[in-house]
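Presented below is the structure to which this report refers.
The values are calculated or read from the model by the stated rules, or taken from the named source; none is laboratory data. Model, not experiment: these values are computed from the prediction. We place every Cβ from the backbone using ideal geometry, glycine too, and count neighbours over all the protein chains shown. What goes into the accessible areas is simple: the full protein's heavy atoms, side chains included, and nothing from ligands, DNA or RNA. Shrake-Rupley method; radii C 1.70, N 1.55, O 1.52, S 1.80 Å.
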Amino acid sequence: MEVWHLTFSTDGRFPLFTDEEMRRRAIRKLVAIAGGELLLYSIVDDHLHLVVLCAAVRKGRICSALLR
């Protein structure tokens, strides 16, 4: 297992989530997808940082699931 820092951002510097409810739903989904592999996260206006502890294959699956 390795520690991975993943960043997801929007094109054009638009906010990822328009309100608090959307942010909360996103966090619930993030926890459902990454679960115990999620070490920390940060939502910063137009981008999201994740730090996960997992194998490279699992990292790819987490990224794919989050992008969907």
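What to note about this one:
- 17 Å cut-off, amide nitrogen to a point 7 angstrom out along Thr18 Cα→Cβ, residues in segment 51-68: none
- Of Cys54, Cys63, the order by accessible heavy-atom surface (1.4 Å probe, DNA, RNA and ligands excluded), from most exposed downward, is Cys63, Cys54.
- Shown in residue order for segment 5-17 are the 3J(HN,Hα) couplings computed by the Karplus curve 6.51 cos²θ - 1.76 cosθ + 1.60 at θ = phi - 60°: 9, 10, 10, 10, 9, 9, 7, x, 6, 7, x, 5, 10 Hz (x for Gly and Pro).
- 222 nm mean residue ellipticity, helices alone, for the chain (DSSP H n ≥ 4; -39,500 (n - 2.57); rounded to 500): -12500 deg cm²/dmol
- Size of electric dipole in the chain: Cβ of Lys, Arg +1 and of Asp, Glu -1, about Cα centre, debye, nearest 20: 300
- Acute angle (nearest 10 degrees) that the helix 20-34 long axis makes with the longest principal axis of the chain, alpha-carbon atoms: 10
- Spread over its residues, the convex hull of the C-alpha atoms of the chain is 79 Å³ per residue.
- Each of Ser9, Ile43, Val57 was scored by the projection of its Cα onto the charge dipole of the chain, and the greatest displacement toward the positive side belongs to Val57; charges sit on the C-beta of Lys, Arg, Asp and Glu.
- Summarising the label geometry, the points placed 7 Å from Cα in the beta-carbon direction at Ile27 and Phe8 lie 1.6 nm from one another.
- List Arg58, Arg68, ordered by accessible area with a 1.4 Å probe, largest first: Arg68, Arg58
- Angle in degrees between helix 56-67 and the longest Cα principal axis of the chain, rounded to the nearest 10: 20
- Distant-in-sequence amide H partners of Leu16 (H built 1.01 Å from N, under 5 Å): Asp46, His47
- Against the criterion of solvent-accessible heavy-atom surface with a 1.4 angstrom probe, Leu67, Leu30 sort, most first, into Leu67, Leu30.
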